[in-house]
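Following: one structure in structure tokens, then a few remarks.
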Amino acid sequence: MKKILPILLATSLSQLAVHAQDQPASADTGNPEAPTGKQEKSQFVLDIEALTEEKGKEYRRLFLRCDQLFKQKRIFECLETLSEIHEIYDGNPATLNLQGACYVEFRSFDKARAAFQRALKEQPENFNVHFNLAEIEFVTKDYKEALKQLQALKKEASIGKPNEGMLALVDFKILLCMLKTDDLAGAKKIVEGTDFLDDSPLHYYGQAALEYEQDRGTEAEIWLARAGRIFRNPAEIAPWQDTLIEFGYIKSFYGGDLEVEE
């Protein structure tokens with residue numbers, strides 16, 4: 001129900017630390033490129049490369065298994081497999097980030113936040129983890145804190161070099177936070193900076209949010225319908241739709257949210 005960013009598939013141990021830069025959890029993220037040039041390896045990469053051949057193969061197998069399980073929404077199994085991974089090595093921010101994403105699926109936000117903070121400690125400039133921490137504040141309705149974190153993330157857009165689609169989604173969440181913190185003018189300014197020819201649905205979903213905020217649901221649905229006709233890829237629209245569901249403007253097909261005891 002929320003745009004939480006997990007991990008990428010990897011083809012070698014040195015790539016197991018690479019995170020998804022700009023794809024939704026359900027997308028086919030493919031294989032990242034290996035580090036090039038004289039880039040200094042982080043401690044966790046060195047630790048993984050130092051594993052025995054047997055442990056390294058098992059680690060990679062479990063890592064790829066976790067990615068598959070998460071995409072299939074088999075969250076319990078994914079967490080169990082992550083526990084096996086962490087028995088081998090527990091300092092990879094990619095697996096810590098994925099662990100946090102699993103906890104978010106169960107709305108165990110304290111556990112998710114702790115996992116993301118550990119991941120951020122290991123890799124401070126990871127866009128995904130910064131986004132995920134801000135997303136926790138968003139889904140727990142601390143819009144003032146979410147706005148602060150999202151604006152900081154937008155300002156430091158070079159972190160992780162996210163694509164334009166991800167930055168547009170950050171703008172959309174900023175817009176919604178502004179509506180909840182009585183900054184209608186700021187929200188309108190974001191929409192005014194968009195165009196119907198943009199590569200993201202921000203123009204349409206931003207207009208819809210403004211209509212919903214003014215209790216004009218019919219007009220909002222017209223904007224959403226226009227977005228659906230233009231952006232036909234369900235994976236592209238899903239995080240925007242889910243954001244409106246999480247925000248409360250539209251109803252989820254699944255009814256209420258899942259609550260899990262700590």
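The values are calculated or read from the model by the stated rules, or taken from the named source; none is laboratory data. This structure is a prediction, so every number in the text was calculated from the model and none was measured. Please note: Cβ atoms are built from the backbone with ideal geometry, for glycine as well, and neighbour counts cover all protein chains shown.
See the values below:
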| item | result |
| --- | --- |
| The range 151-206, residues that are more than 17 Å from Ala238 (Cα to Cα), within 21 Å of the chain's Cα centre (by Cα), assigned to a loop (DSSP other than H, G, I, E, B) and modelled with pLDDT of 90 or more | none |
| Single match in Leu176, Leu167 (criterion: in contact with a helix residue (DSSP H, G or I) (Cβ under 9 Å, 6 or more places away or on another chain) and buried (at least 22 other Cβ atoms within 10 Å of the Cβ)) | Leu176 |
| Thr194 vs. criteria more than 29 Å from Arg74 (Cα to Cα) and in contact with a Lys or Arg (Cβ under 7 Å, 6 or more places away or on another chain) | no |
| Number of the exception - Lys121 against (1) in the same structural domain as Tyr204 (by TED's automatic domain parsing); (2) surrounded by fewer than 17 Cβ atoms within 10 Å (Cβ to Cβ); (3) not acidic (Asp, Glu) | (1) |
| Candidate set from the range 231-247 (those that are more than 16 Å from Gln207 (Cα to Cα) and without any contact (Cβ under 8 Å) to a residue 24 or more places away in the chain); member that is surrounded by the most Cβ atoms within 10 Å (Cβ to Cβ) | Pro234 |
| Positions within the range 57-95 being of a type in the set (A, V, I, L, M) and either touching a strand residue (DSSP E or B) at 6+ places or on another chain (Cβ under 7 Å) or touching a residue at least 60 places away in the same chain (Cβ under 8 Å) (or both), in sequence order | Ala94 |
| Residue match in the range 79-91 (condition: part of a helix (DSSP H, G or I), under 22 Å from Asp171 (Cβ atoms) and at pLDDT 95 or above) | no |
| Lone qualifier among Lys71, Lys38, Lys57 - being over 30 Å from Ala235 (Cα atoms) and at pLDDT 70 or above | Lys57 |
| Selection status of Ala146, at pLDDT 95 or above and touching a Cys at 6+ places or on another chain (Cβ under 6 Å) | yes |
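Every residue, every condition in (1) in the same structural domain as Gln241 (by TED's automatic domain parsing); (2) not polar (S, T, N, Q), yes or no:
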{"site": "Ala157", "(1), (2)": "no, yes"}
{"site": "Thr181", "(1), (2)": "yes, no"}
{"site": "Ala187", "(1), (2)": "yes, yes"}
{"site": "Ala220", "(1), (2)": "yes, yes"}
{"site": "Leu224", "(1), (2)": "yes, yes"}
